[in-house]
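Novice: Dumping the structure here so I can ask a few things about it.
What follows is calculated from the coordinates using simple rules that are stated; it is not laboratory data. As the structure is a computational prediction, the values presented were derived from the model and not from experiment. Every residue, glycine as well, gets a Cβ built from its backbone with ideal geometry; the counts of neighbours run over all protein chains shown.
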Amino acid sequence: MELKVPQTLRLEHVELREELYALTKEDNDLGIAARDLMELFYMHAIKEEERVLPALEALPFLAEGKITDSMRFLKDIADDLKGGLYGELFEDHKAIVASLKNIAQSALDQGRKEVVKFVERFILHAQMEEEIFYPAARMTADYFQLLMKCRTDSD
Ligand SMILES: [Fe+2]
Ligand SMILES: [Fe+2]
């Protein structure tokens, strides 16, 4: 069994994706900006969901000192993050936030407050990942590596 993205985060991505998808259907500037973002977000979310956020499923178990078989996958996550993925995620966010600002501008021009609120929520999601989820995923993966090394050394 492999690690999975925690449900709370998975649902947040689903919600953002659905709301963004609805905006891509619009035949105006907002629709164009939303389609640009959809392209960026699609690739970015795959990276997060397949190579980063699954580490967080292990976090509550490790916090209680429990080790499960699926934690083997943390080695790949630790290697990927160290190998440049960590910086890539932050770079992706810069492009995503720039694209979100285009959406917000079009929404303001149209007086669409609900879309501006959606943009704010999306930016907050990215900030929360940068401040909490990415570092937590990285530390979880690194901590597990360290734990395994200590165990091997003490054998
Ligand atoms: Fe995300
Ligand atoms: Fe993100």
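Novice: By how many nm would the segment from PHE61 to LYS47 grow when fully extended, if each residue of separation counts as 0.36 nm and the alpha-carbon distance is taken off?
Specialist: 2.7 nm
Novice: Sticking with this structure for a sec: Once the Cβ-Cβ distance between LEU108 and THR24 is put in as r, and R0 is 22 Å, what FRET efficiency do you end up with, to the nearest 0.05?
Specialist: Once rounded, the FRET efficiency stands at 0.75.
Novice: Another question, if that's okay. Pairs on different chains or at least eight residues apart, Cα atoms closer than 22 Å: how many lysine pairs in the chain fit?
Specialist: So the count of such lysine pairs works out to 18.
Novice: Contact order normalised by length for the stretch 7-154, with contacts defined as Cα pairs under 8 Å and 6 or more residues apart; what percent is it?
Specialist: So the answer I get is 31 percent.
Novice: Moving to a separate point now. Please give the FRET efficiency for MET139 paired with GLU39, using the beta carbon to beta carbon distance and R0 = 35 Å, rounded to the nearest 0.05.
Specialist: 0.70
Novice: Shifting gears a bit: What's the extension gain from GLU88 to LYS149 if we count 0.36 nm per residue and subtract their Cα-Cα distance?
Specialist: This chain segment gains 19.2 nm when fully extended.
Novice: Give the peptides 136-146, 74-84 in descending order of average Cβ contacts within 10 Å, highest first.
Specialist: 136-146, 74-84
Novice: Just report the Cα centroid separation between the stretch 1-37 and the stretch 108-139, whole Å.
Specialist: Between the Cα centres of the stretch 1-37 and the stretch 108-139 lies a distance of 12 Å.
Novice: Oh, and also: Mind checking which helices in the chain clear 20 Å along their axis (Cα) and have mean Kyte-Doolittle hydropathy of -0.5 or more, DSSP H runs only?
Specialist: 7-24, 29-51, 86-109, 113-128, 134-154
Novice: Would you tally the net charge around LEU3, using a Cβ to Cβ cut-off of less than 12 Å, leaving LEU3 out, and scoring K and R as +1, D and E as -1?
Specialist: Summing Lys/Arg as +1 and Asp/Glu as -1 gives -2.
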